[in-house]
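J.: One structure is given below, represented as structure tokens, and several questions about it will come after.
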2 protein chains.
Amino acid sequence: MNKSINLKQRPVGTPTLSDFDFKEKENELGVAEGEVLLEAKYISVDPYLRGRMSDAKSYVPPFKVGEPISSGIVAEVLESKNENFQKGDFVSGLLEWKEQQVSSGEGLQKVDKSKAPLSAFLGIVGMTGLTAYLGLHEIGKPKKGETLVVSGAAGAVGSVVGQIGKILGLNVIGIAGTDEKIDMLKSEFGFDHGINYKTTEDMKSAIEAAAPNGVDIYFDNVGGPISDAVLFNINQFARIIICGAISVYNKTELPMAVAVQPFLVKNSALMQGFIVRNYADKFPQAIKQLSTWLGEEKLTYKETIVEGFENTPQAFLDMMDGKNKGKMIVKV
Amino acid sequence: MNKSINLKQRPVGTPTLSDFDFKEKENELGVAEGEVLLEAKYISVDPYLRGRMSDAKSYVPPFKVGEPISSGIVAEVLESKNENFQKGDFVSGLLEWKEQQVSSGEGLQKVDKSKAPLSAFLGIVGMTGLTAYLGLHEIGKPKKGETLVVSGAAGAVGSVVGQIGKILGLNVIGIAGTDEKIDMLKSEFGFDHGINYKTTEDMKSAIEAAAPNGVDIYFDNVGGPISDAVLFNINQFARIIICGAISVYNKTELPMAVAVQPFLVKNSALMQGFIVRNYADKFPQAIKQLSTWLGEEKLTYKETIVEGFENTPQAFLDMMDGKNKGKMIVKV
């Protein structure tokens, strides 16, 4: 029997388990010429999936109700009729939440498990690392000595952004939601400062204290009031990378915020939405750099691994709720 | 006697005449070696001056209370001890609101009144034209066939932006606040569509109707709810030029708006504050292009000219209130 996890209905507000359902089909997957049969090994659950569960006009087509969710997955090739892959290969790609599936091979990358653990190809040397590296470089254009603020800093992308910031010689401030996470930012990831937004009353002043020379780059994973507080501290020619807006994904009312326009105009500042797939031509160079830093132990990463395919929806909900540290991954 | 207009106190909310005062001094301006004595002929009043009247951290130093306001001015050289200028020359520059003043000559540009009327050097072939041209090109990066929305479209900058948009082959939509202005956008400036935001109930739908293919470039002079409505209609890779935020300059409470972050991230869109002086290296090329278009009658412009130095504060207030069409200028 082959299980899949489908979008049962579009979540309204915070998603719950009842928005997902499981289907089981007898396993009679035929592999045609050019195709491969894959077995999922590791599944990535990420904030952006919440966006695709809604029906909004969006840069990616929304998931279809009644059909499987898809996300970054590392899988093993069980059978191949495609000359680019062999039985026993491991691949990563945007795949469906199914135990087994057939693929044309398009968009699949072979991964070399001698270079890094399989799960890392979803994280530090996969989409997470690429998002951190390319967002920071392509929009943030960091210069040594500048000040970088990262929100969602203890998350998968945020923790890598901060570490790259330190490698590049920036003053790095991380914002996260528990004291344990704040400790981790400093002790494990080398951030200069950490701010717990849940226990800090005046975020604007806390950021000002940590960034006495103002904020040059803001890597924004969250949106909402945290981002409003950063705005008050931006410098002339500041660059704001909008990588995510996890604080508003579940809102049913249109979220309101401090108007950004006056801040941007008076500081000649830039704010840009970042979607990693738009930078695909830069993936090879970025992966090379990330692998080098990983090998030199200049980068480290954390994973929260949940076991069991059937726990994928709960892992997604927990990640949305900030229960993960670093990358949230399901081991099938 | 030589009159000046000073900032009496920092306006709270909407400025009034009582925020300004006049000083009169006997005219004993001595001209030292290297200096010129100037007589103001035309004074530009612009929305950005409101920002400088506040004490906020800002890219330009705020005006000082008790001292003269300054803005773009065209003046005649009455006396020169500077080799770059002769008696009878006309110059433009950032000068003080004084009938006569002495200048070191720094930052002054000679203007040739055989090429355009003197007032045009404050407008279409001055800061206004430069702001429109460089904002649209440097941040907007227009491509033929794209859709451009301009807010404050009947204002000095907006009306030039729309015309340049048409020269470049864009679908151009202007937003303004009276039916008379909307008529003017279409009949005089060649805009494809005009939307009166004061009489339109559903701005989001009105923009959608005028921009069936979505909005690629938004040249924003106003901020506030008009800009919120444009956000719903932006395309992937949209570019938003924040040139001004006249709708919020007078606010005493921190203005709230629809959160822009989710729109920017899902559309990979860019929003950037534009201040013309950051692009000074591109002024000569831009002025050349603007002059060429003006000579070819591809560009036209409107001025609202108020007579009398003492009416400068009222002219500023009227401009903030949208009573001008095109560039608001005081003829001294």
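FYI, it's all coordinate maths here, none of it is from the lab. Since this is a predicted model, take the numbers as computed values, not measurements. Cβ sites come from the backbone with ideal geometry, for glycine too, and all protein chains shown count toward neighbours.
J.: How would you rank A:D202, A:D216, B:D228, going from fewest to most other Cβ atoms within 10 Å of each one's own Cβ?
T.: Working: A:D202 10, A:D216 24, B:D228 19.
Starting with the residue having the fewest Cβ neighbours, the order is A:D202, B:D228, A:D216.
J.: Could you check the spin-label model distance between A:N311 and B:M256? Points 7 Å from the Cα along Cα→Cβ, value in nm.
T.: 4.0
J.: Testing the spin-label approximation: label points 7 Å from Cα along Cα→Cβ at A:K204 and A:D321. State their distance in nm.
T.: 3.3
J.: In debye, nearest 20, what is the charge dipole magnitude of the range A:1-118 about its Cα centre with +1 on Lys and Arg Cβ and -1 on Asp and Glu Cβ, if you could check? Numbers along the way, then the final one.
T.: Numbers: 16 positive and 19 negative charges, 102 e Å.
That gives the range A:1-118 a dipole magnitude of about 480 debye.
J.: Let me ask something else. Using a 10 Å Cβ count of at most 16 others and DSSP loop calls, identify the longest part of chain A lacking such trypsin sites (Lys or Arg not before Pro). Present the calculation step by step, with values, prior to reporting the outcome.
T.: Working: sites that count: A:K8, A:K57, A:K64, A:K81, A:K87, A:K113, A:K115, A:K143, A:K144, A:K198, A:K251, A:K298, A:K323.
Within chain A, the longest run free of exposed trypsin sites (Lys or Arg not before Pro) spans A:145-197.
J.: What number comes out for the charge environment of B:D89, summing +1 per Lys or Arg and -1 per Asp or Glu over other residues with Cβ under 9 Å away? Before the final figure, lay out the partial values.
T.: Values: positive: B:K87, B:K110; negative: B:E76.
Charge balance in the 9 Å sphere: +1.
J.: Further question: Label-point separation (nm) for B:E67 and A:L94, each offset 7 Å from Cα along Cα-to-Cβ?
T.: 5.6
J.: Expressed as a fraction of 2.2 N^0.38 Å, the rule-of-thumb size for a compact globular protein of N residues, what is the C-alpha radius of gyration of the range A:68-122?
T.: Cα Rg divided by the expected 2.2 N^0.38 Å: 1.07.
J.: Now, a different point. Quote the relative contact order of the range B:127-277 in percent (integer), defining contacts as alpha-carbon pairs under 8 Å separated by 6+ residues. If you can, show how the numbers build up before the last one.
T.: Working: 307 pairs, mean separation 34.6, N = 151.
Computed over the range B:127-277, the figure is 23 percent.
J.: Let me ask something additional. From the cross-link list B:K186/B:K251; A:K266/B:K325; A:K186/A:K302; A:K3/A:K41; A:K41/A:K113, which pairs have alpha carbons spaced over 21 Å apart? Before the final figure, lay out each step's value.
T.: Details: B:K186/B:K251 31 Å; A:K266/B:K325 25 Å; A:K186/A:K302 14 Å; A:K3/A:K41 14 Å; A:K41/A:K113 13 Å.
From the list (B:K186/B:K251; A:K266/B:K325; A:K186/A:K302; A:K3/A:K41; A:K41/A:K113), the Cα-Cα distance tops 21 Å for B:K186/B:K251; A:K266/B:K325.
J.: Same structure, new question: Relative to the compact globular guide of 2.2 N^0.38 Å, what is the alpha carbon radius of gyration of chain B, as a ratio?
T.: Details: Rg = 20.2 Å, N = 332, 2.2 N^0.38 = 20.0 Å.
For chain B, the normalised Cα radius of gyration comes out at 1.01.
J.: Ok, one more. Go through A:I139, A:S247, A:V150 and say which Cα lies farthest out towards the positive end of the charge dipole of the range A:127-277; charges sit on Cβ, +1 for Lys and Arg, -1 for Asp and Glu.
T.: With unit charges placed on the Cβ atoms, the residue in question is A:I139.
J.: Counting other C-beta atoms within 10 Å, and keeping those with at most 13, which DSSP coil GluC sites (Glu not before Pro) do you find in the range B:187-228? Show your work: numbers first, answer last.
T.: On the way: sites: B:E188, B:E201, B:E208; in loops: B:E188, B:E201.
Answer in residue order: B:E201.
J.: Suppose every Lys and Arg Cβ carries +1 and every Asp and Glu Cβ carries -1, with no other charges. What dipole size does the range B:219-332 come out with about its Cα centre, to the nearest 20 debye?
T.: It works out to roughly 320 debye.
J.: Can you compute 3J(HN,Hα) from phi for each residue in the range B:307-312, using the Karplus curve 6.51 cos²θ - 1.76 cosθ + 1.60 with θ = phi - 60°, rounded to whole Hz and x for Gly and Pro?
T.: My calculation for the range B:307-312 gives 9, x, 3, 5, 8, 4 Hz in order.
J.: Tell me the relative contact order for chain B as a rounded percent, counting alpha carbon contacts under 8 Å between residues six or more apart. Mind dumping the intermediate values first?
T.: Numbers: 717 pairs, mean separation 58.4, N = 332.
Averaging sequence separation for qualifying contacts and normalising by length gives 18 percent for chain B.
J.: Which loop GluC sites (Glu not before Pro) in the range A:223-322, with loop taken from DSSP, have no more than 14 other Cβ atoms within 10 angstrom of their Cβ?
T.: On the way: sites: A:E253, A:E296, A:E297, A:E303, A:E307, A:E310; in loops: A:E253, A:E296, A:E297.
Counting only loop positions with at most 14 other Cβ atoms within 10 Å, the GluC sites (Glu not before Pro) in the range A:223-322 are A:E253, A:E296, A:E297.
J.: What residue among A:P117, A:T199, A:A257 has its Cα farthest toward the positive end of the dipole of chain A, where the charges are +1 on Lys, Arg and -1 on Asp, Glu, each on the Cβ?
T.: The residue sitting most towards the positive pole is A:A257.
J.: While we're here: Computed over the Cα atoms, what is the radius of gyration of the range B:127-277 divided by 2.2 N^0.38 Å, N being its residue count?
T.: After normalising by residue count via 2.2 N^0.38 Å, the value is 0.94.
J.: Determine which aspartates and glutamates satisfy two conditions relative to B:K144: a Cα distance under 14 Å, and not lying fewer than 8 residues away in the same chain.
T.: Counting by Cα, and skipping residues close in sequence, B:K144 has these aspartates and glutamates nearby: B:D216.
J.: Among the aspartates and glutamates, select those whose C-alpha is under 16 Å from the C-alpha of B:K198, and discard any that sit fewer than 8 residues away in the same chain.
T.: Counting by Cα, and skipping residues close in sequence, B:K198 has these aspartates and glutamates nearby: B:D179, B:E180, B:D183, B:D228, B:D321.
J.: Between B:E296 and B:N213, what FRET efficiency follows from the Cβ-Cβ distance if R0 is 45 Å, with the result rounded to 0.05? Don't skip to the end; give the middle numbers.
T.: On the way: r = 29 Å, r/R0 = 0.65.
It comes to 0.95.
J.: Calculate the length of the line joining the C-alpha centroid of the range B:273-332 to that of the range A:282-314, in whole Å.
T.: 54
J.: Here is a follow-up. Expressed in nm to one decimal, what extension gain is obtained for the pair A:K143 and A:K186 from 0.36 nm per residue of sequence separation less their Cα-Cα distance?
T.: My answer for the length gained is 13.3 nm.
J.: So how far, in whole Å, is the C-alpha centre of the range B:38-110 from the one of the range B:197-249?
T.: When both Cα centres are located, 34 Å separates them.
J.: Averaged over peptide B:269-277, how many Cβ atoms belonging to another chain are found within 10 Å of each residue's Cβ? Can you show the working numbers first?
T.: Numbers: counts 5, 6, 10, 9, 15, 3, 5, 0, 1.
Partner-chain Cβ atoms within 10 Å, mean over residues of B:269-277: 6.
J.: I need the inter-copy label distances for B:D21: point set 7 Å along Cα to C-beta, values in nm with one decimal, smallest first.
T.: From this label point to the equivalent ones elsewhere in the assembly: 7.8 nm.
J.: A further question on this structure: What is the antiparallel percent of DSSP beta bridges lying wholly in the protein assembly as shown, to the nearest 5?
T.: Working: 70 of 124 bridges.
In the protein assembly as shown, approximately 55 percent of DSSP beta bridges are antiparallel ones.
J.: Follow-up. Using Cα-only point scatterers and the Debye equation, what is log10 of I(q)/I(0) for the protein assembly as shown at each q in 0.05, 0.07 Å⁻¹, rounded to two decimals?
T.: -0.29, -0.54
J.: Near B:K8, which lysines are there with a Cα under 18 Å away, not counting those fewer than 8 places off in the same chain?
T.: Those lysines meeting the cut-off are B:K23, B:K25, B:K64, B:K98.
J.: Same structure again: Using +1 on the beta carbon of Lys and Arg, -1 on that of Asp and Glu, and nothing else charged, what's the dipole of the protein assembly as shown about the Cα centre, debye to 20? Don't skip to the answer; put the middle values down first.
T.: Values: 72 positive and 82 negative charges, 104 e Å.
Here the size comes out at about 500 debye.
J.: Any idea which of A:P61, A:G72, A:G51 is furthest toward the positive side of the dipole for the range A:32-87, if Lys and Arg beta-carbons carry +1 and Asp and Glu beta-carbons -1?
T.: Farthest towards the positive pole: A:G51.
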